[in-house]
Structure formats: C-alpha cells, structure tokens
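First the structure, in the form of structure tokens, and then the observations on it.
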Amino acid sequence: MKRFNRIDRVSELIHREVANIIDLELKDTRVGMVTVTGVEVSKDIRNARVYVSVLGNSEETASSLAALNNAAAFIRSRLKTKVILRYIPALRFYFDSSTVDGMRIDKLIDQNRNVIC
C-alpha cells in the first residue's frame, strides 16, 4: 500500500481548489476551456507549478496562460480563504501538452492500423 506524504496531499488539495476557483470564480474572458491537470508543490510549500491543458489553438492557449499567470495573485488570495495552510504557495501556470501529445499518438496509431489492415 502506497503511503502519501504531506506534499502529495497539499498538491491534491491545491489542484482541486484551484480548478474550482478557475471554473467558478475567475471572470477573465481571455481564459478559455481550461483544465487543471496537475500541481507540483515545492518541499517548503512556498511555490506551486500548476499544469493546465487548454482546448483551442496555440493563440488561445497562449492567451489563457497569460491570463492565468496575470490572475495568479487573485487565485492565490481566493485559495487563502478556502484552505488552511501556514503558507499559501505562489502559483505559476504552465501548459501541459500531454493531452495534445496523446491525441497525436492516437491519430498515428489509427493511421498505421488502417495501413496494416
């Protein structure tokens, strides 16, 4: 049985709450269809890397990431009201390309399957 350490639990808590804040409270029109895919919290819980996937083209992705990084202070202040931690980490948003890569790999597999059959 895997035991989770404190950093893992804090990462999961921040993941859940940041996703809710983006979905329900962030009113920036530049933020498109954003999904929080993961959070990495530093060992001292002072910084957090929030990975997001964005539905849309590269311009929409860049716009959404810029808007999220501009709204990081607002998201952090809302996070402060929702979680009880000694330190609320500074948030930095990054694009998670794993979903795009997965779709590209699926497409390549389908193409090769059609060639073989």
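Some observations on this one:
- Residues located in region 1-17, provided they are over 18 Å from Arg86 (Cβ atoms) and assigned to a helix (DSSP H, G or I): His15, Arg16
- From the list Glu40, Glu60, the lone residue that is over 15 Å from the mean Cα position of the chain (by Cα) and among the acidic types (Asp, Glu) is Glu60.
- Scan of region 1-21 for residues that are in contact (Cβ under 8 Å) with a residue 24 or more places away in the chain and either charged (D, E, K, R) or loosely packed, with under 11 Cβ neighbours inside 10 Å (or both), ordered by number: Glu12, Glu17
- Unique residue being assigned to a helix (DSSP H, G or I) and of a type in the set (S, T, N, Q) when the list is Thr37, Thr29, Thr81: Thr81
- Given (1) of a type in the set (Asp, Glu); (2) modelled with pLDDT of 95 or more; (3) within 24 Å of Asp101 (Cα to Cα), number of the condition Glu17 does not satisfy: (3)
- Unique match (being modelled with pLDDT under 95 and either over 24 Å from Arg9 (Cα atoms) or in contact with a Phe, Trp or Tyr (Cβ under 8 Å, 6 or more places away or on another chain) (or both)) among Val50, Val100: Val100
- Test: residue in region 41-60 that is free of Cβ contacts under 8 Å to residues at least 40 places away in the same chain, of a type outside the set (S, T, N, Q) and assigned to a strand (DSSP E or B): yes
- Exactly one residue out of Leu91, Leu24, Leu65 is surrounded by 15 or more Cβ atoms within 10 Å (Cβ to Cβ), farther than 28 Å from Asn5 by Cβ and either among the hydrophobic types (A, V, I, L, M, F, W, C) or in contact with a helix residue (DSSP H, G or I) (Cβ under 9 Å, 6 or more places away or on another chain) (or both): that is Leu65.
The values are calculated or read from the model by the stated rules, or taken from the named source; none is laboratory data. Here the structure is a predicted model, which is why all the values come from computation and not from measurement. Methodologically, a virtual Cβ is constructed for each residue, glycine included, from the backbone with ideal geometry; neighbour enumeration extends over all protein chains shown.
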